[in-house]
1. Quick check on the stretch 311-323: of everything there that is in contact with a strand residue (DSSP E or B) (Cβ under 9 Å, 6 or more places away or on another chain) and over 17 Å from Glu348 (Cβ atoms), which residue is modelled with the lowest pLDDT?
2. Does any residue of the stretch 292-309 turn out to be touching a residue at least 12 places away in the same chain (Cβ under 8 Å), of a type in the set (Asp, Glu) and either farther than 19 Å from Arg207 by Cα or out of contact with any Pro (no Cβ under 8 Å at 6 or more places or on another chain) (or both)?
3. Here is a list: Gly357, Gly307. Which entry is within 24 Å of Asn33 (Cβ to Cβ) and of a type in the set (Gly, Ala, Ser)?
4. Which residues, counting only those in the stretch 129-181, are β-branched (Val, Ile, Thr) and in contact with a strand residue (DSSP E or B) (Cβ under 8 Å, 6 or more places away or on another chain)?
5. Residues of the stretch 281-298 being surrounded by 21 or more Cβ atoms within 10 Å (Cβ to Cβ) and either over 21 Å from the mean Cα position of the chain (by Cα) or modelled with pLDDT of 90 or more (or both), which ones?
6. Consider Glu348 carefully, then state whether it is within 14 Å of Arg384 (Cα to Cα) and either of a type in the set (Asp, Glu) or modelled with pLDDT under 85 (or both).
7. Which of the residues spanning the stretch 223-247 are at pLDDT 90 or above and under 30 Å from Ile44 (Cα atoms)?
8. Output yes when any residue across the stretch 137-151 is closer than 30 Å to Asp238 by Cβ, under 32 Å from the mean Cα position of the chain (by Cα) and crowded, with 21+ Cβ neighbours inside 10 Å, and no when none is.
Amino acid sequence: MRLLHYVEIENFKRFGETQHIELDHPAVLIGPNNCGKTSAIQAIALWSMGLKTWRTEMENSKAETRTGKALNRMSILQVPVPRTRHFWHDLKVSDKRVRITVGVDQSGRPVPVTMIFRHHPSDELVYCEPAPESLEQPAALEAAAKLDVSILYPMSGIAADEAVILPTRIDYHLGRGSTAEVVRNLCLLVAKRSAGDWGKVTELMRRLFHVELSQPVENERGAVDLSYTQVGTKGDLDLSLAGRGFQQVLLIFAHLFSHQRSVLLIDEPDAHLEFLRQRQIFVLLRDIAHQNNCQVVMVTHSEVVLGEALDTNLTLILDGKADDLAKRRDIHDALRHFGAENYVRARETGHVLYVEGSTDVDMLKGFARRLEHPVSALLEEESRLNVYYLQDNYPGPDRSTDEELERVEGGFGMPARDHFGALCGMLPGLRGLALYDHDGHARPEVNAGGLSELQWRRYEPENYFVTPELLESWVSSKLDQQGLFATAPTIVLTELLRERVFVENPADLETYLRADAPTRKALWRAQTQHVKLSAFAEEYFRRIAAATGTAMLLRKGSLHVLIDMCDPADLNGDVRAKLDALLDLLE
């Protein structure tokens, strides 16, 4: 149900110039951390609280002149601030007033209701009143003041006991963000008001989590008892023993059934939930809220919810600027096809880095640290990186855990130039860098249309630091070198060199083993031009584990830790050039 059509926010927290945000049902706000998403729902809550306070005091006042009414910051529970100046954009309380306009539904059409907030020098109060034009809409003011508007923040730790409290105290605790202190009371409230509604809640929890909820009851100590049973356990389990995601979902369901015909502002309802549950919760929020004549406005980081909301009401907020992606018909099809999450990340960062897999990013970080390259600090800031993993490294059905993580962390399935071209069609000025493995196939380096495509000169990044000496040194530092373990690293390494590197001419292996350090380095580089040294290193550690009866010391996904032991001189030239290109991309 659509109770609010839109919100316009001016001079509040992250929002400076007026920003218009459409509010359909459900309305989904996305964006990076500290961009203004939570500020948007807090603006709606402050608008509602200010309007209710003003109307209540006007009804109880005998004054004929309608003036601003005072709000103490300690009573603004849903929007906590240390000083009231923190409501103001850039803390500039003297320049402008905070102005929040909400389009309130009146017979299917939006009627703007504007609340204006003025700062008090004490920094403890704000004065609020409707704008003059809103005073001319008494019916809309009355309807807006009667709306139940609540914020639900992410669930925190739940106590083992929860005293029974009055419904008004439930709303008080919800307002101050103490959601974990009232979840049982909300369930008790639903069960008392309607056995049918509580039955719906228990059925939903059974379907999502395969549990059976008990009937919430008030015990002899004046607390609420609420437990559950699940397959594989004996006896009743107290609600405090359930997972955080379980508790969060129960809180949301109980609120929707106990606050019908309300506006529910939810900060990350998908927190603590895995991907499948995130999609289920979005669908259920939409449908259950509609059944209870409620409207949901939610803040999320979930890419799953992002994809689900694209066709309805999805607003991207960046640095206090709002962009209604659902209405961007010029890019809608591209967003649907290429993934809205790719667009959002590219817009946040202004770039795309294309690599073969997540291990490449770890190696780039290791290279930068070892060479003390200025890009190192930028690489450590995860929020500055927008990485897309290339299709030619897409893991097969027998993928390892590392490869499975790469699959879900990146956006496999499209060549860099195709993917970048699609994004550039939506984001002109986007910049990209693609770093390809050589894999024995030379390709031209191209810099066109904002995308620079470079190739490692050696077979793969691991070929710059994996050497027999480094591998043996690492093993020696980790294993007890007494007894049987003393010769294992050398014996295993020599066998592997004969099988994988000097397979065509065993005599060259003897030459290599007798050579001095500079000659060995040159011979190694020449012999491994077409050898995948990541596979060589992983096999070495596998054989060491088998020979010594110990766990594998390193696997392919963690070989980057060896970079800290390599000679920085081996990383100059090509590696430094790639880091220079990366610095140019990220700066």
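The values are calculated or read from the model by the stated rules, or taken from the named source; none is laboratory data. Fair warning: this is a prediction, and the values are worked out from it, not measured in the lab. Positions of Cβ are backbone-derived with ideal geometry, glycine not excepted, and every protein chain shown enters the neighbour counts.
1. In this case the residue turns out to be Thr312.
2. yes
3. Only one candidate qualifies: Gly307.
4. Taking the stretch 129-181 first, the residues β-branched (Val, Ile, Thr) are 149, 151, 158, 164-165, 168, 170, 179.
Hits for the stretch 129-181 are Val149, Ile151, Val164, Thr179.
5. Ala289, Cys294, Gln295, Val296, Val297, Met298
6. yes
7. Matches in the stretch 223-247: Phe246, Gln247.
8. Looking through the stretch 137-151, at least one residue is closer than 30 Å to Asp238 by Cβ, under 32 Å from the mean Cα position of the chain (by Cα) and crowded, with 21+ Cβ neighbours inside 10 Å.
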